[in-house]
Structures are given as C-alpha cells and as structure tokens.
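Chemist: Supplied in structure tokens, the structure appears directly below.
No value in this document is a laboratory result; all are computed from the given coordinates. None of these values were measured; they are calculated from a predicted model. All Cβ positions, even for glycine, are placed from backbone atoms using ideal geometry, and neighbour counts span all protein chains on display.
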Amino acid sequence: MSEIPAELRYTSDHEWVREEDDGSLTVGITAHAQEALGDLVFVELPDEGRLSEAGEACAVVESVKAASDVYAPVAGTVVAINEALEDKPELVNESPYGEGWLFRLEPDDPRNLEGLLNAQAYSALLDEEG
C-alpha cells in the first residue's frame, strides 16, 4: 500500500486536500484511488470560478478501466486547475500528491477542513475496505 502523507486531509471518496499558505486548498486523488483506476487517459477539470458544494462531483478522471467522479471536499470556488493534466493525465499516476494535483478551491469556510479525515483515519478507512 502507498504511503499516506500525514500533512494532508482526506475524504472517504479518496480525494486528498492540502491547505496552502494563501488559504486555498489543493485537491487531488489519492495514490490508492489512482492505483485502483489504473493508467489515466483523460482528466476533465472544473472551470475556474465554478462554485462547488461539498460532496458535489466537479471533475472526472478516466482510465482504460473506468471513469470516476472527483468530488469537492468542501464548499468553495475553483480558483485554479492543473492545466498540465490536459496533455499529461498520467501525471496523476506518476505523482498523485505532487504534480498530479487536480484543482484548487477557495473554501467558503476554512473550518470545514476539520470535517475531513486525517492520515490515520484515512488509513483505517483503507484497512476497512480491504
């Protein structure tokens, strides 16, 4: 199983969230999620300026096996997308916690991060899923 970075927060849908110095949130899918999907061939990212509710599908990652929705971890406004993924969706496979990030959100309320899983809780979730 892949290492789970301790500094990130997680959702039960296998998204990760990193709080940036400016208060924005970088969002991607976890190593577990990209391993389950296999090699990604296409990523559909949300439009900048899009308002998303927590839990709302706002991006799609597509592999040779399946397409999977990516959900907004908290309510907020999309302020940036990873344009590199348009030409290189495999960055998500190669560097899920680095260059393979998907989008950045400006959260409606930064305290909403408290409702997400820490690395220990996410690891326990993966153990439960087997």
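Chemist: So if we plug the beta-carbon distance of GLU3 and ALA75 into 1/(1 + (r/R0)^6) with R0 = 35 Å, what FRET efficiency do we get, rounded to 0.05?
Modeler: That gives a FRET efficiency of 0.75.
Chemist: Using the Kirkwood formula over every pair of different C-alpha atoms, what hydrodynamic radius in Å results for the chain?
Modeler: Every distinct Cα pair counted, the radius reaches 14.5 Å.
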